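Peer 1: One structure, pasted below without further comment.
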Amino acid sequence: MEREDALDALVERAIARDHEAFGALYDLYFERIFRYVLLKVGEPAEAEDLAATVFLNAWRGIGHFVSRGPGSFGAWLFRLAHNALVDRYRHLREAAPLDEVDERDLPNDARDDPASVLDWRLTVEELRAALATLTEEQREVVLLRFVGELSAREVGEHMGKQEGTVRGLQFRAIDALRRALVQSSGARENRAQSNPLWTGAAQGKARRTHDRA
């Protein structure tokens, strides 16, 4: 309750055009908005730009924000993020492909290691491909709950649904994700066993790890 009261106080100050209060809200929510957008567009630089746009729009429009109870500010921010994504897709007329991931985000010592690059790319691709197997509502619930870190009540506020409905969508989404990821993991093992390039890279990585030990 104290946390919610403190958040409400920050929001009220931000509505009154208090830059420091809005900066504190930015610090609280930026990383969540960024991760949510990143899993939608697949491109880190673009996700960062879109997240910045969300907060610019929030600052411009915060005077029109009306609280509907605890969690409504977070839900409002994610609604702005959703709108920014809709605008992006409208301009591009197509979503980013699932395999469009940026190896620049890899740690420096992993970029030159073929096995590390492949492992990283497959992990990102598998997650996004698994999310693509969900319904649109299930995918939104998963992203808001586990990437955006919103409560079920806040997700319901964002989506216009009851908290119980959100929890039901979440349960079915997690079960579907689990099955999709298990299937993906099995397919990945089969690819590894049948691909001499991957096997050779992985063996080279193992030898280097052993030599450093």
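Please treat every number below as a calculation from the coordinates, not as lab data. Given the structure is predicted, the values throughout are model-derived calculations rather than measurements. FYI the Cβ positions are ideal-geometry reconstructions off the backbone, even for glycines, and counts take in every protein chain you see.
Peer 1: At a Förster radius of 22 Å, what calculated FRET efficiency corresponds to the Cβ-Cβ distance of Tyr89 and Phe146, to the nearest 0.05?
Peer 2: 0.45
Peer 1: Calculate the spin-label point distance for Phe30 paired with Gln162, positioning each point 7 Å from the Cα along the beta-carbon direction, and give it in nanometres.
Peer 2: 4.0 nm
Peer 1: Give me the extension gain from Phe171 to Asn57: residue separation times 0.36 nm, minus the current Cα-Cα distance, reported in nm with one decimal.
Peer 2: Details: separation 114, 0.36 × 114 = 41.04 nm, distance 3.29 nm.
Separation in residues times 0.36 nm, less the Cα-Cα distance, equals 37.8 nm.
Peer 1: Given points 7 Å out from each Cα along the Cα-Cβ axis, report the Thr133 to Leu181 separation in nanometres with one decimal.
Peer 2: Label-label distance for Thr133 and Leu181, simple model: 1.2 nm.
Peer 1: Where in segment 43-63 is the amide nitrogen less than 17 Å from a point lying 7 Å along the Cα-to-Cβ axis of Asp18?
Peer 2: Label zone hits: 59, 62-63.
Peer 1: Let me ask another. What area, in nm² and to one decimal, does the C-alpha convex hull of segment 1-96 cast on average over all directions? If you can, show how the numbers build up before the last one.
Peer 2: Values: hull surface 24.6 nm².
Its Cα hull, projected and averaged over all orientations, spans 6.1 nm².
Peer 1: Please arrange Val86, Val41 by how many other C-beta atoms lie within 10 Å of their C-beta, fewest to most.
Peer 2: Val86, Val41
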